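All of the numbers you see were taken from the coordinates with simple rules; none came from a lab. Computed from a predicted model, the values in this text were never measured in an experiment. No Cβ is skipped: glycine too gets one built from the backbone with ideal geometry, and neighbour counts run over all protein chains shown.
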Amino acid sequence: MKKTGLIICLFLLIGCKSKTVNRSTEELKIKKIPEAEINSNQQNKAYSLGKRVLETCNTSKFKPFNETEVTKSVMENTTEERLTKTCLRFRQYYGSFIDLKLDGVYKTRQETIYRYHALYTKKVANKELRVFVNEDNLISAIKSMDWDEKFDAKLNN
């Protein structure tokens, strides 16, 4: 009886072998787009929507996104309540938002990433804003983080 149970367990272990995920290295590659190849319409969209989010901190008024601008998940996650909470902290530490300065545009297999240096009135402010645009030309993520001179390849985690 014990031998039968052991054999069944052994077959189960062999049968439950984990799958290997084949991911091409092409999917993981991130390349910087030369300035001449940047889509100006897409760049203007990324800039204006990123600026609209950060200007909310100055004006306390947010014009909600619509389905022609952003993905459903961005629309659901970018609420006035969440922005107000973030803006209170940003204004306290960094001062008023001034503008966005484009630092670079990067391309993955599925998204274009616009990396902006966010400028604030206080000199201690050293923030960046990344705006992710998907293949459908919709903003798929907006991410704020501390500025680092080196572009970090860990993008949207």
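Distance in nm between label sites at Asp136 and Asn44, each 7 Å beyond Cα in the beta-carbon direction?
The modelled label-to-label distance comes out at 2.3 nm.
Tell me the label-point distance for the pair Met145, Glu80, using the 7 Å Cα-to-Cβ offset, in nm and rounded to one decimal.
About 3.1 nm, to one decimal.
Pick out, in residue order, every one of the GluC sites (Glu not before Pro) in the range 41-104 that is DSSP loop and has at most 12 other C-beta atoms within 10 Å; say none if there are none. Don't jump to the answer; show the numbers that get you there.
Details: sites: Glu55, Glu67, Glu69, Glu76, Glu80, Glu81; in loops: Glu67, Glu69.
Sites meeting the loop and neighbour criteria: Glu67.
What do you get for Rg/Rh of the range 37-146 when both radii come from the Cα atoms and Rh is the Kirkwood radius?
That ratio is 0.95, to two decimals.
Tell me, what is the FRET efficiency for Lys32 and Lys123 to the nearest 0.05, using R0 = 30 angstrom and their Cβ-Cβ distance as r? Kindly include the intermediate steps, with their values, before the conclusion.
Details: r = 28 Å, r/R0 = 0.94.
With R0 = 30 Å, the Cβ-Cβ based efficiency is 0.60.
Run through the range 72-157 and list the trypsin sites (Lys or Arg not before Pro) located in a DSSP loop whose Cβ has at most 10 other Cβ atoms within 10 Å. Please report the intermediate quantities before stating the final value.
On the way: sites: Lys72, Arg82, Lys85, Arg89, Arg91, Lys101, Lys107, Arg109, Arg115, Lys122, Lys123, Lys127, Arg130, Lys143, Lys150, Lys154; in loops: Arg109, Lys122, Lys123, Lys150, Lys154.
Sites meeting the loop and neighbour criteria: Lys123, Lys150, Lys154.
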